[in-house]
Amino acid sequence: MDVFLMVRRCETTIFLDAKETTSVLELKKMIEGITKRSPGDQRLFNKDDQIMEDDKSLSDYGLNANVAKAQFPAEVGLAYKDSATNTYEDLKKTPYSSPPELPDAMKPGQEAATAETATA
């Protein structure tokens, strides 16, 4: 079965789909195709911010079709290795911004009130 993932690092979000049996290393290779960073320079984190091991599958981390759906993908954290210090950066995921509140005229149920006012 397919699992749908949001791989997040700082302000970057990558949407991927994979099989439950996909290994973490294979997932890193998919990310490499997009970011051009080798799997050895990547560290992935599960929803509990635990490091994901390369030899384990996505299903080993509870990522299956029941929890990682297209309309609600599972989140995976990504950190890169700093080539200067040969250490991994801390996991950073910038929160998404919130949209502004809808104007009253666009809120549900306001059409009827607006129509009544216009006819009066």
Percent of beta bridges antiparallel (DSSP, the chain, rounded to nearest 5): 75
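DSSP loop (so not H, G, I, E, B), at most 14 other Cβ within 10 Å: list which chymotrypsin sites (Phe, Trp or Tyr not before Pro) in the range 80-109 pass both filters. It would help to have the intermediate numbers written out before the result.
Details: sites: 80, 88, 96; in loops: 96.
Within the range 80-109, the qualifying chymotrypsin sites (Phe, Trp or Tyr not before Pro) (loop, at most 14 other Cβ atoms within 10 Å) are 96.
Express in nm, to one decimal, how much length is gained between residue 41 and residue 53 on full extension, taking 0.36 nm for each residue of separation and deducting their alpha carbon distance. Please report the intermediate quantities before stating the final value.
Values: separation 12, 0.36 × 12 = 4.32 nm, distance 1.35 nm.
The residue 41-residue 53 span can extend by a further 3.0 nm.
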Prolate/oblate/rounded label for the range 4-103 (Cα gyration tensor, a/c 1.5): oblate
Long-range amide H partners of residue 75 with built H, under 5 Å: 6
Within-11-Å neighbourhood charge of residue 1 [Cβ basis; K, R +1; D, E -1]: -1
Dipole magnitude (debye, nearest 20) for the range 2-88, charges at Cβ of Lys, Arg, Asp, Glu: 220
Sparsely packed trypsin sites (Lys or Arg not before Pro) within the range 24-77, loop by DSSP, other Cβ within 10 Å at most 11: 36
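Each value in this text was obtained by applying a stated rule to the coordinates, not by laboratory testing. On a predicted model such as this, the values are computed, not experimentally measured, just so you know. For neighbour counting, all protein chains shown are included, and Cβ atoms are generated from backbone atoms with ideal geometry for every residue, glycine included.
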